[in-house]
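Participant: Below: one structure in structure tokens.
The values are calculated or read from the model by the stated rules, or taken from the named source; none is laboratory data. Predicted, not measured: the structure shown is a model, and the values here were computed from it. So basically every Cβ, Gly included, is an ideal-geometry build from the backbone, and we count neighbours across all protein chains shown. Note: areas computed on protein heavy atoms with side chains; ligands, DNA, RNA excluded. Shrake-Rupley method; radii C 1.70, N 1.55, O 1.52, S 1.80 Å.
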Amino acid sequence: MTVWPVAVFFLGGMATQLTGWLTHRRKQMERKQDAAAVLHARRESFELEHLQKLTDAVQVLGRTAARAHHADMMASSETRLYGAGLLGEELSEENRVANQDVRMLSGLVLDDELREQVRAAQSAINTPAMMLRVDPTEADAAYSVGIEQLHHVQARIADRIREIYLTSTADQPPVLRA
């Protein structure tokens, strides 16, 4: 008969140990989930910030490329050759800075496919600038291709920004209104 109180005592101790271990495991899982949520939020914040900056940089690149193309087209009306002269120093510098900004920010794009699309669009919009002493219609066609790719990549960046906002708001509970 004295065995039962001892057995109950040991079973109670084991139950306490098991409850403590289960509580520890639950808290450990909660900490891991919290850390993952913080990491996910930081990643989204980083991505959003850089995609928004990239959107601005791509727009600036498009504008400077358009101004450079227009200047070359105007000059070709006299020379009958596209790219026969040099751009003005100010426009050339604006174009260099715009390309540098897009190149730097595209390196921070997390989506590999989107990053490559940005780089391809940048290359395409710069193609006319590399065309020296060619027929203006050929350069104009290359410019049209570059602008089309630039518009496409701007749409893809906007899609990704919307996707991030939609998934981050879907993860949060709805706000109750009074």
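Participant: Let me check the size of region 79-174 from its C-alpha atoms; what are the radius of gyration and Dmax in Å?
Facilitator: 17.6, 65
Participant: If you count only protein heavy atoms and use a 1.4 Å probe, how large is the accessible surface of residue 6, to the nearest 10 Å²?
Facilitator: In the full protein context, residue 6 sits at about 80 Å².
Participant: Rounded to the nearest 0.05, what FRET efficiency is calculated for residue 151 and residue 93 with R0 set to 22 Å and r the Cβ-Cβ distance?
Facilitator: My answer for the efficiency is 0.30.
Participant: Would you calculate the separation in nanometres between label points at residue 167 and residue 123, each defined as 7 Å from the Cα along the Cα-to-beta-carbon direction?
Facilitator: Distance between label points: 2.7 nm.
Participant: Using helices alone, I'd like the mean residue ellipticity at 222 nm for the chain: each DSSP H run of four-plus residues gives -39500 (n - 2.57), total over residue count, nearest 500.
Facilitator: So the calculated ellipticity at 222 nm is -31000 deg cm²/dmol.
Participant: While we're looking at this one, here's another question. What is the Cα convex hull volume of region 24-95 when expressed per residue in Å³?
Facilitator: It is 89 Å³ per residue.
Participant: If you take all C-alpha pairs in the chain, what percent of them are over 25 Å apart?
Facilitator: The answer is 56 percent, as a whole percent.
Participant: Please list, ordered by chain and number, the residues whose modelled amide H lies under 5 Å from the amide H of residue 134; skip anything fewer than 5 residues away on the same chain.
Facilitator: 82
Participant: For the chain, with the dipole built from +1 on Lys and Arg beta-carbon atoms and -1 on Asp and Glu ones, taken about the Cα centre, which of 143, 13, 121 lies farthest toward the positive end?
Facilitator: So the residue we want is 13.
Participant: About the Cα centre of the chain, how large is the charge dipole given +1 on each Lys and Arg Cβ and -1 on each Asp and Glu Cβ? Please answer in debye to the nearest 20.
Facilitator: The calculated dipole for the chain is roughly 1200 debye.
Participant: Using θ = phi - 60° and the Karplus relation 6.51 cos²θ - 1.76 cosθ + 1.60, list the HN-Hα couplings for region 101-118 in order, rounded to whole Hz, with x at every Gly or Pro.
Facilitator: Each residue of region 101-118 in turn: 4, 5, 4, 5, 6, 5, x, 9, 6, 6, 6, 4, 5, 5, 4, 5, 5, 5 Hz.
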